[in-house]
Every structure is written in structure tokens, then in C-alpha cells.
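Only one structure is covered here, and it is reproduced in the block below.
Values quoted throughout were computed directly from the atomic coordinates according to the rules given, and no laboratory measurement underlies them. Because the structure is a prediction, the values reported are computed rather than measured. Note that we place each Cβ from the backbone using ideal geometry, even for glycine, and neighbour counts take in every protein chain shown.
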Protein chains: 2
Amino acid sequence: MSTARKTVSLPGRFAMHRGGHLESPTLAYETWGELNAERSNAVLIFSGLSPSAHASSSGADPSPGWWEDMIGSGLPLDTDRLFVICVNSLGSCFGSTGPASIDPATGKEYRLDFPVLTLEDVAEAAWGVVQHLGIETLLAVVGCSMGGMSGLAYCVRHPGSMRAFVSISSATRAEPFSIAVRSLQREMIRSDPKWLDGNYDRQDGPIIGQRLARKLGMITYRSAEEWRGRFGRERATDERRGGRFKIEFAVESYLENHAQKFSGEFDPNSYLYLSHASDRFDLAEYGGSLASGFKRIKLERALVIGVSSDILFPLHQQQELAEGLGRVIPATEFVPLDCIRGHDSFLVEMDAFRPVLCDFFDSCE
Amino acid sequence: MSTARKTVSLPGRFAMHRGGHLESPTLAYETWGELNAERSNAVLIFSGLSPSAHASSSGADPSPGWWEDMIGSGLPLDTDRLFVICVNSLGSCFGSTGPASIDPATGKEYRLDFPVLTLEDVAEAAWGVVQHLGIETLLAVVGCSMGGMSGLAYCVRHPGSMRAFVSISSATRAEPFSIAVRSLQREMIRSDPKWLDGNYDRQDGPIIGQRLARKLGMITYRSAEEWRGRFGRERATDERRGGRFKIEFAVESYLENHAQKFSGEFDPNSYLYLSHASDRFDLAEYGGSLASGFKRIKLERALVIGVSSDILFPLHQQQELAEGLGRVIPATEFVPLDCIRGHDSFLVEMDAFRPVLCDFFDSCE
């Protein structure tokens, strides 16, 4: 484990949103920059489904983070003046308590005995970390993809405890296309005979199901337009080519590389829990409508960024989010970006995202 | 087997486009209407990947066909004046020779010893059926989805033997998004431990892999827009609901119903062969460019229909096809339809498709 990763055990019993509880769960997080004397410069980042808290490198861990180009000295989340916190989601497997953790009641891994996980739980656990750090008011909550929904849950449940909210390629709730994709990804893992109802061998788990799920993920994270220009009908050149039904086109080789890279790292049960939580979150559960949900939010400014080629969190959902926020937070800005790299653009299209986030945080005092 | 299904054994050795051959393969087909004395009223239909030759009901087989609302008395393909032929693709499993057929050389099923299949082979086999029927010039070749590419192969290889070509939701060749989807569908089947390298037990085959592939199929055959209006975040009401990670949303229930319906019907090896053939077809292989491919086509009129919400054969590919045809066939019409049911629209949005095909065939003499 890297020395950059800090952990905190939340005190006492942590009640889960849909029932059940965890005894003093552990949350892993990393921070960059220094908390100022007024404790007024903290930015909390919620990640997407699969990343760890390692959003950026630091002295303690020089390996590149998942948002390396966004956090650091002189970057949009400028660590010369901001104190940036990224928490590994509750239920994940990179230091935070999740299905792969030991259940203190039994001395064994939770696996499917882990209680139903919601993004409200992810938000409340991060709230616990923020309390632990002694921060009363966050300068901003930033959420990407699933993290945007976790961030929305955080804002709705702790109104007034943040001055700004930034949602990137997220939504108020999932639409049926995204639910269908995630449901199928979960089924791929559950259908792998090595899944064993969640009781897989840690040395011999449902890797094949995970690889299939990862490939479907990549198909929905990028865009047809990007691949048209990048791969066209180019043939694969590597040694995996050949053989009936084996890899023949460059795009197949690309998917295979991503699937290989992913597998084994992420706990399959964690994936199932977080994926399901993404389907279930719905801002309208707060008071019965999206409008009533938005009304509970209290902050000074909001920024909603979306990408035209995103098929998983499509642009019209970003617009819906921006319009809803705009009705309660007049200083809401909606920035639709014309990037071709789909949902993943916020990870790779830095030239498009950086200036928008720079402008926003430069004007945060 | 229904009495509407006719079969013909093509005489002699059938050479496959990428090498190998079949000894006198059988082709299954159905016909509707009567061939006129001049043999000038025949329309040949190429189906998508999975349908049989049973495109419509008839006296001999009253069960509804896959294009029931399009073929018949008073319908766009009006059997009062047209002689309509639909051939089950070579390599399929509904009466035509394919991987599930007996290899006369061994007395056993071909399975993966079936030679590499291309859409050129599908086209040439249909050509054999047309010759068998004594038809020199077709009034029209009509192809839907994969069948549009088979039809294009037919037109390129037999210039002048048809007066018109109708392409519906097809393309000159697959783009990387569609290749990625089909490659993943094939991998789902191949990853099922019961696939056994194609040597599955006929009573206990790779049903789980087939169901996963079918669900991914449905996700790409329909559209996010349709599902948004049709399902939203509606919960499933049927008995399958409940249990961790089980079906919860109506869209999941819909996919499950389609997967259940599909499984067992279609030979998994046939699916793999036809899916791969769809990836590989490329009009540009005729002379080295799309332009050179188009130049080999000789007919009087062409019609290209596409749908705005299609993500598998997107509208810009229909436009490319129409423009290419238009450069060699001045009487080429391009009809983009604004249907929300995605690639499957030609099977379900009859009110949009019928008038276009009516107009086209009404003006065919």
C-alpha cells in the first residue's frame, strides 16, 4: 500500500441507507495541498465506479493518479492554494471497507453478506472523512461519472456544508440504456462459473466474466466517432491475431488490452455492489420529484460539464441536471463540451476540461 | 419443418470465397406470389443475421414471418404482382447448409471445420437459388441489416442481373463500434464453458453465453431514446424480481424476456460464423476502394433507407452508401427516417417504412 493513502475508521455503528450497518468502517483517502488556517480551502472529489483514492501523484506516492493532469501545483485543482481530498468509495476495494473486507462479526470476508450499498452510503462515508478532517464547510464537492451522483447525494443530505458543486459527466439518476448496460455487465460476472455466488477463490476468480464486463464498459465509455477515426478497419498487428474467431481488427486488440489491464485488480463483488448502487440512485427519492430533490440543495455556485459523445451519461441528462440546479442555484453554469471520446473524455480530453475547471476554481475564493 | 420451406441442393462443388468448398450445399428458401411468364417480377430478399427464410406467412405456413407486414397482397412487396423470394443465408441453421450440417466427407457435423464464411458466399448461394428458379434478371434485390451487405455483394458480383437494389439499415462495411459489439458477443459465447470449442452437446449448449450475446444485441438493436420513453425507471413487476443483483428494473425484465425467447433456437456456431462474416465484408475489397466497388454495380434504381437512432448501422453510413451508389446510379434515392426504435426499426416501425417501400415498388414495372 502506498504511503500516500491515509485511512480513518469512522467511529461507532454506520447505519446503511437501505438497512443493515457496518461496525466502524474504514475509509481510505488521499489529500494534496494544505488545509489553510480557516479550513476554508478544501475540495472533496468523488470518483467514478472503479478508481481508487489515488487521483494524483504526490511526494509520498509518485505514481500517476487517475486525474493526474487536473490536480497539482498550477493545475485546475491548484494545490498551491487548495486542499484536495479524494475518498475511496465505501464498498470499493482500495482500502475502504467493502465486500472484500473482514466482517468483524464473523471474522470472515463479507462477500454477499455486505449490506445493500447505495450512493447515499458512499456520500455519508465521505462526510465522515470530512468531519474527521475537521472541515465544516467545503469549498467545493466535485464528482465525476458515478461520483457526480454520490456528490449530488452529499449535497442533498448536507445542504449548506459546501459552497460549490461540480458535476462532470453524471446525472440525477440512471436511464434505462445505462441500467441495461450495467445489468448485463453484472450478469457477465455472475455467469462466470468461477464467481460461485460471490464466494470465488481469491487466486482463481471470475476473471473471464470481469474481462467481458470491462470490454462492454469500454464500448460504452468511448464513442463510435472516436473509434472510426482511430481504428477504422485497421487490422490487429500483434501476436494474438489469427485463429478462427480470434482477434483480427485493431479495435478488438484495443479492447483486449484494456480487459487484460483491468482484470484481477478490482474485487468482483465490489464491482457488483457499486454498479448496482449506480442504477438505484435517484434524486427524485428526495421528496418525490427531481424538483423537490433539487430544492434541498443549498450552495453558492454550481458547474455542470457534459460531453456530446457520451452515451452512458448523455448530454440531455447533463442539461436536465444543470436546469434543475439552476432553478435553485442561480449561479449555475452548464458547459457542454464537444469532445469525441465519450464518457471517458474527462479522463483523457484534458485540453477541453482544464480551462473550464481552471476558470471555475480561479474564481473560487 | 414447415411445408412452405423449399430447398435446393446447388449442383457440384461450391467454392468458398476465402478458400475451401462445400459439396453441393443445400439452400432453404420460401417464395410468395407467382413468377410471371416473362420471369420479370422476382424480388430477392436477404435477411439480417438471425432470421430464417420465413419472412411472411402463406397458405403453407400461416405462422407470422419476420417481415409479415411487408410482404403480401396489397402490402409494399405486393404478392398480387411480385414474386418474392427469401433465402436462408448459407451458414445459417434454418435449412441451409451451415456449421450444424453434416459434412459429407466425414459423416459428422462440420462445426468449426466449416470453411471460413463470407457474405460473398451468402450472396453466391442465393445466386444459385435464383438460377435454380430460372430467373435471369431480378426486379429487385432487397437487403436488411447484414442482408444489405449480402445484397451489395450480390450486386457487385452479378452486375446487370437486377434492375433495382434496396438497402435497409445496412452499410458498405462495418465500423469499429459494430465490430467491437459483435466481437464481444462472439467472445461471450466462446467464453461459456459449454461451448467446448464448438463441440457443444446439442442438449446442453452454451445457452448462458448466447443469452448474454442476445442481451447485448438488444441493447444495440434498439435506442436509448425509445427505452427512456418506454421504461424510464419503472420497476419490474414479474416474479423474477428480488434477490441481490437480480432483476429490479423493467428494462432488465425486457432484456431477459428477449434472451429467453432467443436461446436454443439458433446454432451457436452458425451465429459465430455469420457474425464474423458481417465484420469482414468490405465493399472496398472490390478494386481497392469504395468508389471502385460502386463502379462495378449496374442497375437502374437504388433506394437506401436508414434510421437516425440506429447505433449499429448509423445514419452517416447509410448516407455514404447512398452517395456512393448515387455516383454510379443516378436514380438513387436516400430516405433517412426519424424513427426512435434504432436498428430494429425496419422490423417494428411499419408505419414509417411501408410508405417508402410502397412508393418504390409501385413505380417498379
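Here are a few things to note about the model shown:
- Of A:336, A:305, A:281, farthest towards positive along the dipole that unit charges on Lys, Arg, Asp, Glu beta carbons give the range A:270-365: A:281
- Rh by Kirkwood over Cα pairs, then Stokes-Einstein D for the protein assembly as shown at 0.890 mPa s and 25 °C, µm²/s: 89
- Electrostatic dipole magnitude of chain B [Cβ: Lys, Arg +1; Asp, Glu -1; Cα centre; debye, to 20]: 760
- Charge dipole magnitude, Cβ of K and R +1, D and E -1 - the protein assembly as shown, Cα centre, debye nearest 20: 880
- Counts of other chain beta carbons within 10 angstrom of each beta carbon in peptide B:169-181 average 5.
- Above-threshold pairs, the threshold being 24 Å between Cα atoms, out of B:6/B:295; A:6/A:215; A:194/B:194: B:6/B:295; A:6/A:215
- Evaluated with a Cβ-only charge set (Lys, Arg +1; Asp, Glu -1), the range B:178-272 carries a dipole of roughly 280 debye about its Cα centre, given to the nearest 20.
- Short-range pairs are left out: with C-alpha atoms under 8 Å and at least six residues apart, the relative contact order of the range B:162-228 is 27 percent.
- Neighbours of residue B:155, meaning other residues whose beta-carbon lies under 9 angstrom from its beta-carbon, give a summed charge of +3 when Lys and Arg score +1 and Asp and Glu score -1.
- Shielding score for A:184-190, defined as the mean number of other chain Cβ atoms within 10 Å: 5
- Which of A:196, B:272, A:299, A:49 has the fewest Cβ neighbours within 10 Å, and the rest in rising order: A:196, A:49, A:299, B:272
- Ranked list, fewest to most other Cβ atoms within 10 Å of each Cβ, for B:141, B:166, B:8, A:348: A:348, B:8, B:166, B:141
- Pairwise label distance in nanometres, residue A:364 with residue A:9, each label 7 Å out on the Cα-Cβ vector: 3.2
- Averaging Cα coordinates gives a centre for the range B:136-175 and one for the range A:165-196; these two points are 38 Å apart.
- Between B:171, B:29, B:237, the Cα set farthest toward the positive side of the dipole of chain B (charges on each charged residue's Cβ, about the Cα centre) is that of B:237.
- Estimated translational D of the range B:178-272 in µm²/s (Stokes, Kirkwood radius over Cα pairs; 25 °C; 0.890 mPa s): 171
- Each part gets one Cα centre, and for the range A:231-305 versus the range A:330-365 those centres are 19 Å apart.
- For residue B:160, inter-copy label distances in nm, listed shortest first [label point 7 Å out on the Cα-Cβ vector]: 8.6
- Largest GNM mean-square fluctuation among A:150, A:101, A:167, using chain A with Cα springs under 10 Å: A:101.
- Taken over chain B, the alpha-carbon convex hull comes to 142 cubic angstrom per residue.
- Percentage relative contact order, the range B:178-272, counting C-alpha pairs under 8 Å, at least six apart: 28
- Using a 7 Å Cα-to-Cβ projection, residue B:11 label spacings across copies, nm, ascending: 9.4
- The mean sequence distance of close C-alpha pairs (under 8 Å, at least 6 residues apart), as a share of the length of chain B, puts its relative contact order at 18 percent.
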